[in-house]
1. Once you place label points 7 Å from the Cα toward the Cβ at L99 and A16, how far apart are they in nm?
2. Please report, for the Cα atoms of the range 10-109, the Rg to one decimal and the Dmax as a whole number; what are they, in angstrom?
3. What's the ranking of 62-75, 131-144 by average number of surrounding C-beta atoms within 10 Å, highest first?
4. Could you tally the net charge around R45, taking each other residue with its Cβ under 9 Å from the Cβ of R45, Lys/Arg +1 and Asp/Glu -1?
5. Go ahead and run the numbers for FRET between R60 and A88, Cβ-Cβ distance against an R0 of 22 Å, rounding to 0.05.
6. Mean separation of Cα pairs under 8 Å and 6+ residues apart, divided by the residue count of the range 9-80: what relative contact order is that in percent?
7. With each label point set 7 Å from Cα along the Cα-Cβ vector, what nm distance links E38 and E23?
8. Assign unit charges at the C-beta atoms only (+1 for Lys and Arg, -1 for Asp and Glu), then state the dipole size of the range 9-80 relative to its Cα centre in Debye, rounded to the nearest 20.
Amino acid sequence: MDEDTELDPTDRWFAANLKAAREQAGVSQEQVARRMREHGFPGFRQQTMGRIEAGERAVRVGEALALARAVESLIEDLTRPPGLARDALVLRGATGHLLELRDEAAKAARLEAGARARLGALVARLRGEGKAEALAGEIGRAERALALPPLAATVSDDADGGPGAVAGPSQNVQLSEVTSDTVSM
């Protein structure tokens, strides 16, 4: 070791998590060392990475922050017990996925609202032009589609602090469920 002190548990966690994060990011020790040199640590080499990951070399705070960036991780994850670091990563991924889905649902709800309005106006126009009887099948199907519950009751710009979030009670109706069977009842 560079110093006469043993690594404490957080240093050991850092070493194990650094290696796991590096491997997960798909980068070699040499690539991380190169990134470290680019971040202002000119003496950083592949061997330095090997010693850190083996728990043979302690890491200074500035190095720890740069290493976290170099392996595309958070410093918090690198200093947690290894199981918690993995759980935190999975939790962030699942949260991000849910938020992406909410954004997509909000967009779908806005698109659906526009499509409903256009379809409703078209049905009203065709009825007004006296074409309802000639188009009875199509108008009936359109009206059954309009009677389906909307994807979301309301769309808000700030339901959870972010633009485009779906607010209010949402209906669990998938677009794939709107088939000729469901609209031709």
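Read-outs throughout are calculated quantities, based only on the coordinates presented, and are distinct from any laboratory measurement. Small disclaimer: the values here were computed from a predicted structure and weren't measured. Heads up, the Cβs are rebuilt from the backbone with ideal geometry, glycines too, and the neighbour counts pull from every protein chain shown.
1. 2.9 nm
2. 15.9, 55
3. My ranking of the peptides, most packed first, is 62-75, 131-144.
4. 0
5. 0.40
6. Across the range 9-80, relative contact order equals 46 percent.
7. Between E38 and E23, the label points sit 2.4 nm apart.
8. 180 debye
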